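All remarks here apply to the structure that follows.
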Amino acid sequence: METGKELSKELIANHIYGPSYVGCEYAMRHYGLIPERVYQVTSVTTKHSRDFENAVGRFSYQNCSPEYFAVGVRIEHADGVNFLIATPEKALCDVINFSKCLNLRFMKDVETYLEEDIRFDTDALEGFDIKLLERCALASRKQSSINMLIKYIKHVRHL
């Protein structure tokens, strides 16, 4: 039955392949943390990585450990539907975690990555939950890069 309402890509992404939550660039765009439009919904799952395409759009799923999956995910309510999505902190950790050749070894690397590579709204870092980032780092494949992000945020807050 057609209702005239636009379909929720986030809810569809949760249902195509689960368990999963919407993360990475799509979640960052959802929160207004990056200026670019994001056409592919990238989700994170404990299952194998997969890609799907249908009439609604492109859906990509990245594999992670159950420990990483469990941190920083919330239920969001929008347009009459509920869906699982990464918190802003977790979405940024997702992008770092799943970027193949990314290694943030120095604070300058973090600054360049945020400001130039992904054009991240660095003012938003002020409200980021450091404890949540630390929990993401502990369970992440890129623990050292996320720890360097944490160090950078702490440094910026003290300027």
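The values are calculated or read from the model by the stated rules, or taken from the named source; none is laboratory data. On a predicted model such as this, the values are computed, not experimentally measured, just so you know. Methodologically, a virtual Cβ is constructed for each residue, glycine included, from the backbone with ideal geometry; neighbour enumeration extends over all protein chains shown. Quick note on the areas: whole protein, heavy atoms, side chains included, nothing else; ligands and nucleic acids left out. Shrake-Rupley method; radii C 1.70, N 1.55, O 1.52, S 1.80 Å.
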Legend entry - Count - residues of the stretch 124-137 that are farther than 11 Å from Cys93 by Cβ and under 17 Å from the mean Cα position of the chain (by Cα): 6
Inset, instruction - Mind counting the residues in the stretch 27-51 that are touching a helix residue (DSSP H, G or I) at 6+ places or on another chain (Cβ under 8 Å) and either hydrophobic (A, V, I, L, M, F, W, C) or not in a loop (DSSP other than H, G, I, E, B) (or both)? - result: 12
Inset, instruction - Please identify the pairs in which a residue from the stretch 133-154 that is touching a residue at least 24 places away in the same chain (Cβ under 8 Å) has its Cβ atom under 9 Å from the Cβ atom of a residue that is among the aromatic types (Phe, Trp, Tyr) and not in a helix (DSSP H, G or I), counting only partners at least 6 apart or on another chain. - result: Met148/Phe106; Ile153/Phe128
Legend entry - Residue under evaluation Leu7, criteria (1) under 27 Å from Arg119 (Cα atoms); (2) surrounded by 11 or more Cβ atoms within 10 Å (Cβ to Cβ); (3) out of contact with any Cys (no Cβ under 9 Å at 6 or more places or on another chain), criterion not met: (1)
Inset, instruction - Can you tell me which residue within the stretch 6-26, out of those that are over 13 Å from the mean Cα position of the chain (by Cα) and in a loop (DSSP other than H, G, I, E, B), is nearest to Glu76 (Cα to Cα)? - result: Ser8
Inset, instruction - For residues that are among the charged types (D, E, K, R) and either more than 21 Å from Glu134 (Cβ to Cβ) or in contact (Cβ under 8 Å) with a residue 60 or more places away in the chain (or both), scanning just the stretch 64-85, find the one that is surrounded by the most Cβ atoms within 10 Å (Cβ to Cβ). - result: Glu76
Legend entry - Criterion: at pLDDT 95 or above, surrounded by 15 or more Cβ atoms within 10 Å (Cβ to Cβ), farther than 18 Å from Glu25 by Cβ and small (Gly, Ala, Ser) - qualifying residue of Ala124, Ala137: Ala137
Inset, instruction - Could you tell me whether the stretch 90-111 includes any residue that is without any contact (Cβ under 8 Å) to a residue 60 or more places away in the chain and hydroxyl-bearing (Ser, Thr, Tyr)? - result: yes
Inset, instruction - Considering only the stretch 30-62, state which residues are under 13 Å from Val95 (Cα atoms), touching a residue at least 40 places away in the same chain (Cβ under 8 Å) and not hydroxyl-bearing (Ser, Thr, Tyr). - result: Leu33, Ile34, Val44
Inset, instruction - May I ask you to verify whether His155 is out of contact with any helix residue (DSSP H, G or I) (no Cβ under 9 Å at 6 or more places or on another chain), more than 13 Å from Tyr21 (Cβ to Cβ) and open to solvent by 80 Å² or more (accessible area, probe 1.4 Å)? - result: no
Inset, instruction - From (1) within 13 Å of the chain's Cα centre (by Cα); (2) surrounded by fewer than 20 Cβ atoms within 10 Å (Cβ to Cβ); (3) of a type in the set (Phe, Trp, Tyr), pick out the condition that doesn't hold for Tyr61. - result: (2)
